[in-house]
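The values are calculated or read from the model by the stated rules, or taken from the named source; none is laboratory data. From a predicted model like this one, the values you see are computed outputs, not experimental measurements. Cβ coordinates were reconstructed from backbone atoms using ideal geometry, including for glycine residues, and neighbour counts include every protein chain displayed. Just the protein is used for accessible areas: all its heavy atoms, side chains included, with ligands, DNA and RNA removed. Shrake-Rupley method; radii C 1.70, N 1.55, O 1.52, S 1.80 Å.
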Amino acid sequence: MSRRIDPRRGSAPIDTRLLFVGGVLVLGAIVLVIVLLFGGGGSADRVGIQNVNEGANHVGQEELPTYRNVPATSGPHWNLGDGAAPLFWRVYSSPVPEAAVIHNLEHGGIVIWYQATASDADVDVLTQFVQQQLQTSNFKYILSPWAGADFDHPIAVTAWDWVLYLDTADTDAIRAFREDHPVNDAPEPAGGPAQGAG
């Protein structure tokens, strides 16, 4: 003998409030999975440390601005209009003025600073690297010794609003930093000295 089950017997109507709460929980779980998978696009995924933007005011050479970040990645900078600022893209053997090269950063440049704690071998690697870059379409590089306050690492690589501290001359890290902070991320990417000038 077969028994038939009555689908109406023993079932209560579904509360719409439970459906709403369940829908919200499912939607929240989907959003959480998307954020975890794609990182939410925050600066945590970027190469280097983002500094506070200190502005981009042009000042005369008689002014020596002070900066919050060491080395500075933005802020007041010289604009002499005579080739002295921004500086020419190249390797410098004497410390260059920070107020001049911030103008280079504003034009999409990368400035690599090295302290006295950097080894001669690391300085040689950085020099060769920058000289190679100067011959490419990605020529906006400056290498300079650092004469300011100690930044606790032998090397600092800077772009507009960003810094990457290095303990050795890691050219792969510098390339990754440049890729993550291209010329067009700067406020005035089309400006600056022409390739090979100076």
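Is it fair to say Gly108 is open to solvent by less than 40 Å² (accessible area, probe 1.4 Å), in contact (Cβ under 8 Å) with a residue 12 or more places away in the chain and within 17 Å of Val163 (Cα to Cα)?
yes
For the range 151-195, which positions are over 20 Å from Glu98 (Cα atoms), open to solvent by less than 50 Å² (accessible area, probe 1.4 Å) and of a type in the set (S, T, N, Q)?
Listed by number, the list holds a single entry, Thr171.
Condition first: within 22 Å of Phe129 (Cα to Cα), modelled with pLDDT under 95 and open to solvent by less than 70 Å² (accessible area, probe 1.4 Å). Can you find one or more residues in the range 59-81 that meet it?
no
When the residues of the range 86-105 are filtered to those that are part of a loop (DSSP other than H, G, I, E, B) and free of Cβ contacts under 8 Å to residues at least 60 places away in the same chain, which remaining residue is most open to solvent (accessible area, probe 1.4 Å)?
Taking the range 86-105 first, the residues part of a loop (DSSP other than H, G, I, E, B) are 86-90, 92-97.
When the remaining residues are screened for being free of Cβ contacts under 8 Å to residues at least 60 places away in the same chain, the result is 92-97.
Values: Tyr92: 33, Ser93: 108, Ser94: 70, Pro95: 72, Val96: 18, Pro97: 54 Å².
Here the answer is Ser93.
Hey, Trp113 hits all of (1) surrounded by fewer than 23 Cβ atoms within 10 Å (Cβ to Cβ); (2) more than 23 Å from Ala190 (Cβ to Cβ) but one; which does it fall short on?
Among (1) surrounded by fewer than 23 Cβ atoms within 10 Å (Cβ to Cβ); (2) more than 23 Å from Ala190 (Cβ to Cβ), the lone unmet condition for Trp113 is (1).
Working only within the range 151-179, note down all residues that are over 18 Å from Leu105 (Cα atoms) and touching a residue at least 40 places away in the same chain (Cβ under 8 Å). Steps first, please.
Taking the range 151-179 first, the residues over 18 Å from Leu105 (Cα atoms) are 151-154, 166-173.
Of everything in the range 151-179, those that are over 18 Å from Leu105 (Cα atoms) and touching a residue at least 40 places away in the same chain (Cβ under 8 Å) turn out to be Phe151, Pro154, Thr168, Ala169, Thr171, Ala173.
Does Leu134 satisfy the condition of being within 27 Å of Ala56 (Cβ to Cβ), among the aliphatic types (A, V, I, L, M), surrounded by 22 or more Cβ atoms within 10 Å (Cβ to Cβ) and modelled with pLDDT of 95 or more? Spell out the reasoning first.
Numbers: within 27 Å of Ala56 (Cβ to Cβ): yes; among the aliphatic types (A, V, I, L, M): yes; surrounded by 22 or more Cβ atoms within 10 Å (Cβ to Cβ): no; modelled with pLDDT of 95 or more: yes.
No; evaluated as a whole, the condition is false for this residue.
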